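Only the coordinates and a few stated rules stand behind these numbers; no lab work does. Not measured: the values here are computed from a predicted model. Methodologically, a virtual Cβ is constructed for each residue, glycine included, from the backbone with ideal geometry; neighbour enumeration extends over all protein chains shown.
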Number of protein chains: 2
Amino acid sequence: MGRPRMFDEVKVLDAAAGEFRVRGFAGTSTEQVCEAAGVRRSSLYNTFVSKDELYVRALERYVEVTGARQAAILTDQGVRGAERLRRLVDVVVAEEHDAAARGHAAGCMVVHGFMDPGLRERDERVARLLDRDLRERRALVGEAIRAGQLDGSISPGVDPDDGALLVSTVISGLRITAQAGTDPETLRRIALAGLHALLG
Amino acid sequence: MGRPRMFDEVKVLDAAAGEFRVRGFAGTSTEQVCEAAGVRRSSLYNTFVSKDELYVRALERYVEVTGARQAAILTDQGVRGAERLRRLVDVVVAEEHDAAARGHAAGCMVVHGFMDPGLRERDERVARLLDRDLRERRALVGEAIRAGQLDGSISPGVDPDDGALLVSTVISGLRITAQAGTDPETLRRIALAGLHALLG
DNA sequence: GGCTTTCTGTGATTGAGAATCCAAAATGAG
DNA sequence: CTCATTTTGGATTCTCAATCACAGAAAGCC
């Protein structure tokens, strides 16, 4: 029934996300994506219509994968609330560390997406994806904070919604600070200091 | 002695910075800069050689202006250390607020610069400018923290260098969170929560 | 094995934007 | 007023990313 794909569609999306997260949409050429994915441009366009469509698909995938990973950490019932937040930070720091070892910064599609108003205006779906991701992320962190307040690891004085916003702000800031060549231990120390209001 | 300039070179740089800070280098066309500055393209190129050169000049100017404003706040001897940091946050929040009123997010050339590794690789001067700015900014915040520890407004337990890194991380994160449509009061509350380790 | 279908790869075409060029206009000096 | 000099507006060229079209190749079906 026709010649089968020589490449794995999802692998290409991951490769594309790997490029977009570093340089953003405007800063990444389709040639770079092809290079990273080991696919010819015509195959890329044949499968994914356009650069915009590819970006949307890659963003969907990126949000889904990172969201799932973070959800697993934040809802881990075997761990106290405060520790879940620490593990979240550790994951982000480790990501940056791994990327730095490969020479480039990790970047983040969500950060780039938010920093590019033109992109959100041009494609409604991008705006929706980013907003939904942000909401879900905050909801998950908020739940972890509530859990922490119940198990006594997080001070009951803080509003979980504010706390969630703080966590997402600190992590975004971390992405920027990481690019300036800050070492992982320092990065982790700073992040935990930023969450001092929550973690004491 | 020839026809004089019809435009103010510095005003054009400010207008260019105003565009670059929102969409970054790759996301901004010279046409947009011309539009914003009210200058024709030939005038732009006649005066600033190329887009790259224009960007470097705009970044220099941007870094100089924002640096001076922040320095004034952070070294204000009439104000206690902790209060200086709060004022710094207020300035950033106000910037985002003003921009939001005009429909677009404030953005930040420094954040965009750090999030664009390709740019730093291509032009050594951009990398140097960003690094220098970051160092100076941290040094200033560090000084304010030391001052705060002397006047008793900031807990003596924190390392000023770490504190400075935290402040710059939180402010960067703030820039991102602001784009998601967070209102100014919330933004301010979150930022102060992030600096809880410093400000108590 | 021939046929159909769908993929792949090469190369052409389009299009956006950066860079350049040129003639006209403006201005101050003499 | 006239000249020398520089700016300006518009047209043009150039470059490279993005897209498209077609020929060849690979797999399943009969």
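Things worth noting here:
- Packing-based order for A:102-111, A:189-198, using average beta carbon neighbours within 10 Å, highest first: A:189-198, A:102-111
- With label points defined 7 Å past Cα in the direction of Cβ, position B:MET6 shows copy-to-copy spacings of 5.6 nm, given to one decimal and shortest first.
- Percent of alpha-carbon pairs separated by more than 25 Å within the stretch A:9-199: 39
- Across the stretch B:59-199, Cα pairs under 8 Å and at least six residues apart give a relative contact order of 31 percent.
- Pairwise label distance in nanometres, B:SER29 with A:ARG132, each label 7 Å out on the Cα-Cβ vector: 3.1
- Restricting the calculation to Cα atoms, the protein assembly as shown shows an Rg/Rh of 0.99 when the hydrodynamic-style radius is the Kirkwood one.
- Distance in nm between pseudo-label sites at B:ARG122 and A:LYS11 (7 Å out along the Cβ direction from Cα): 3.1
- Calculated SAXS-style log₁₀ I(q)/I(0) at q = 0.10, 0.22 Å⁻¹ - the stretch B:93-200, Debye, Cα scatterers: -0.35, -1.16
- Helical contribution to [θ] at 222 nm, DSSP H n ≥ 4, -39,500 (n - 2.57), averaged over chain A, rounded to 500: -24000 deg cm²/dmol
- Simple label model, 7 Å out from Cα along Cβ direction - A:SER50 to A:ASP161, nm: 3.7
- Of all chain A residues, the one whose Cβ lies closest to the rotation axis that maps A onto B, given with that distance rounded to whole Å, is A:GLY173, 1.
- Inter-chain neighbour count for A:107-115: the average number of beta-carbon atoms from partner chains within 10 Å of each residue's beta-carbon is 5.
- Scanning chain A for DSSP H helices at least 27 Å long along the axis (C-alpha atoms) with a Kyte-Doolittle mean no lower than 0.0 picks out A:160-179.
- For B:GLY181, inter-copy label distances in nm, listed shortest first [label point 7 Å out on the Cα-Cβ vector]: 4.0
- Peptide packing for A:27-36, B:51-60, A:81-90 was compared via the average number of neighbouring C-beta atoms within 10 Å per residue; ordered from the highest value, the list is A:81-90, B:51-60, A:27-36.
- Lysines with Cα under 18 Å of A:LYS11, excluding same-chain neighbours fewer than 8 positions away: A:LYS51
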